[in-house]
Amino acid sequence: MNPIEPKVIRSVRELQAWSDQARCDGRRVALVPTMGALHEGHLSLVRLAREHGDRVVVSIFVNPTQFGVGEDLAKYPHDLTGDLAKLRALGVDVVLAPAADEMYPPGVAPAWVEVEHLTRGLCGRSRPGHFRGVTSVVARLFNAARPHVAIFGQKDYQQLRVISALSRALLFGVEIVAGPTVREPDGLAMSSRNAFLGADARQQALSLNAALREVRRLHREGEREAAYLIEVARGRIEKEELAEIQYIELCDADTLEPLERIEGPAVMALAVFFEGTRLIDNTLLEAE
Ligand code: PAF
């Protein structure tokens, strides 16, 4: 594909007009919401967007409402120039890079969007208000880009489930497509936060994928007791002196309710700090 310069749009109204025109022309609009600092994981979602739509919008907006007090909003990386360069080769039509006022217009009463049940456990428990911020901004992005389809990474498994519910519950009619987790050659799941890891933490963080692989192996061999599988994962990660486990849970892959015994599709999800950097990862456990 020949490199093309994506059109950078800052205003929601302009994006709505662009998208309305694309829809009138019979185009299928695909949206990839991001917070920028793009890495290969994001770029794989953009490639998937090209397969699912014939006009691609990437949004780059570090959404303040999904960060809690004391979280890493202030140090979250921003690199619009670098991001645009990475998108050039991928056939992206539009990059939405709005100021906060565009997404949260001043002078009107704040309005929030909340998905219940699915947001109670896992990251929802340890980051109160996080998913309210995510769903509130994604609802705005859907209204701004008016996509037919939107692509989200499976690495944020709970977010993916929550947004699928959001689209259906509020009748957005946006098809939600999941992009597989992209890993570094040594197995670390790609994340903008990996840049914060020092050399030792980076090495020790490999324990997350190692633990999930071990759990997958045991599951393949027939192990179904959640407590045992969680203990195996915990034991592997706790070998690393810098690891501080926030949670390791085994849940129903659909409802995200914690399981005692695996009877159907399940997900093991975990969040672990390494020297203050919070990493998440997960694996699906499905009958083969
Ligand atoms: O996954 C992310 O990067 C963010 O949570 C999202 C979906 C772009 C909303 O700000």
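The values are calculated or read from the model by the stated rules, or taken from the named source; none is laboratory data. This one's a predicted model, so the numbers in the text were calculated from it and none came from an experiment. Neighbour counts run over all protein chains shown; Cβ positions are idealised from the backbone, glycine included. For accessibility, only protein heavy atoms count, side chains too; no ligands or nucleic acids. Shrake-Rupley method; radii C 1.70, N 1.55, O 1.52, S 1.80 Å.
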Highest-fluctuation residue, LEU96, LEU31, LEU242 considered, GNM on the chain with Cα pairs under 10 Å: LEU242
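Ratio to report: Rg/Rh of the stretch 111-249, with Cα atoms as the point set and Rh obtained by the Kirkwood method; give two decimals. All intermediate terms of the calculation are to be shown ahead of the outcome.
Details: Rg = 17.3 Å, Rh = 17.1 Å.
Using only Cα positions, Rg/Rh for the stretch 111-249 is 1.01.
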Within the chain, helix-based [θ] at 222 nm, where runs of 4 or more DSSP H residues each add -39,500 (n - 2.57), nearest 500: -11000 deg cm²/dmol
Among ALA169, ALA178, ALA210, residue whose mean-square fluctuation peaks in a GNM of the chain (springs only between Cα atoms under 10 Å): ALA169
Extended-chain gain in nm, criterion 0.36 nm per residue less alpha-carbon gap, ARG216 and ASP79: 45.7 nm
Principal-axis tilt of helix 206-220 within the chain, Cα atoms, nearest 10 degrees: 70
Per residue accessible area of the chain, 1.4 Å probe, in Å²: 47
Per residue Cα convex hull volume in Å³ - calculated over the stretch 50-171: 130
Given charges at Cβ of Lys, Arg, Asp, Glu: the chain dipole, positive-most of GLY264, THR283, ALA100: ALA100
Within the chain, percent of DSSP bridges classed antiparallel, to nearest 5: 50
Count of lysine pairs in the chain with Cα separation under 25 Å (8 or more residues apart, or interchain): 5
Solvent-accessible surface (1.4 angstrom probe) belonging to ASP252, in square angstrom, nearest 10: 40
More than 29 angstrom apart: percent of Cα pairs within the chain: 35
Potential extension, ARG120-ARG234 segment - 0.36 nm per residue separation minus Cα distance: 38.9 nm
Selected from ALA111, ALA199, ALA99 as most flexible by GNM, with the chain as the system and alpha-carbon contacts under 10 Å: ALA111
Loop-exposed trypsin sites (Lys or Arg not before Pro) per DSSP, neighbour cap 13 Cβ within 10 angstrom, longest uninterrupted part of the chain: 121-238
